[in-house]
Amino acid sequence: MSVGLTGGCLCGAVRYRLRGTPFHITHCHCRSCRRASGAAFVTWFTVRVHELEWRGERPVQYVQYHSSAAVSRGFCPHCGSTLTYFHESDPEEIDVTAASLDAPEVLAPEHHSWWEQRLEWGTASAQGALPVHQRGGG
């Protein structure tokens, strides 16, 4: 995918533009991502930190400490949208939520990560067995 993708939070206060090409597009099933987002998994893509340009407000950071390395999760201070994941062990890269893109359909996930922590009801086979409603729930 080319440079110039844009995105932001639900309310529009936090906006961004990519000046680089996204890579490592993954569905993350880890417990931390599930809890931070309230979803069965979060789809992330990675970019170089210097290739992510913030417009409008910047995300607020929530810092988690695990052993000796810190994880910082960025979210909108107004609507709470989950936007970024940064691990200090890799200071040149930042993960951004794919669903926060203005055109998320342009990025196709390449794999799953933390599969061992998945919720069984979130798997493709479990999802495929559910009834489908075009709008609303039933």
Inset, instruction - With a 1.4 Å probe and every protein chain left in place, tell me how much accessible area I94 has, in Å² to the nearest 10. - result: 20
Legend entry - Convex hull volume per residue for region 72-111, taking Cα atoms only, in Å³: 94
Inset, instruction - Please calculate the 1.4 Å probe accessible area of D90, with all protein chains present, and give it to the nearest 10 Å². - result: 60
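Keeping the other protein chains in place, figure out the carbon and sulfur percent of the accessible area of the chain, with a 1.4 Å probe. Each step should come with its number before you reach the end.
Numbers: 4290 of 8210 Å².
Using a 1.4 Å probe with all protein chains present, the chain comes out at 52 percent carbon and sulfur.
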Inset, instruction - Express in Å², to the nearest 10, the accessible area of S32 obtained by rolling a 1.4 Å probe over the protein heavy atoms while all chains stay in place. - result: 40
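Over region 43-96, what per residue volume does the convex hull of the Cα atoms give, in whole Å³? Numbers along the way, then the final one.
Details: hull volume 4.3 nm³, N = 54.
Enclosed volume per residue, from the Cα hull, is 80 Å³.
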Inset, instruction - For the chain, go through all pairs of different Cα atoms, get the mean of 1/r, take its inverse, and jot down that Kirkwood value in Å. - result: 15.9
Legend entry - Accessible surface, 1.4 Å probe, highest first, among residues R73, R58: R58, R73
Inset, instruction - Give me the number: length gained by fully extending T6 to T46, i.e. 0.36 nm times residue separation minus the C-alpha to C-alpha distance, one decimal in nm. - result: 13.0 nm
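Assuming 0.36 nm per residue, please report the length gained on full extension of the stretch L119 to C79 beyond their Cα-Cα distance. Write out the running numbers ahead of the final one.
Values: separation 40, 0.36 × 40 = 14.40 nm, distance 2.62 nm.
So the extension gain works out to 11.8 nm.
In debye, nearest 20: dipole of the chain around its Cα centre with unit charges on the Cβ of K, R (+) and D, E (-)? It would help to have the intermediate numbers written out before the result.
Values: 12 positive and 13 negative charges, 87 e Å.
Dipole about the Cα centre, nearest 20: 420 debye.
Can you sort W121, W114, W54 by solvent-accessible area, 1.4 Å probe, largest first?
On the way: W121 160, W114 135, W54 50 Å².
My answer, sorted largest first, is W121, W114, W54.
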Inset, instruction - Just subtract the alpha-carbon distance of H87 and A13 from 0.36 nm times their residue separation and send over the number in nm, one decimal. - result: 24.2 nm
Legend entry - Rh by Kirkwood over Cα pairs, then Stokes-Einstein D for region 1-52 at 0.692 mPa s and 37 °C, µm²/s: 267
Inset, instruction - Could you provide, to the nearest whole Å², the per residue accessible area of region 1-55 with probe 1.4 Å? - result: 47
Legend entry - W54-A126 FRET efficiency (beta carbon distance; Förster radius 41 Å; 0.05 resolution): 0.65
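The values are calculated or read from the model by the stated rules, or taken from the named source; none is laboratory data. Predicted model, so just to flag it, every value in this text is computed and none were measured. Ideal geometry is used to build each Cβ from the backbone, glycine not excepted, and the neighbour counts take in all protein chains shown. Please note that ligands, DNA and RNA were not included when accessible areas were found on the heavy atoms of the full protein model with its side chains. Shrake-Rupley method; radii C 1.70, N 1.55, O 1.52, S 1.80 Å.
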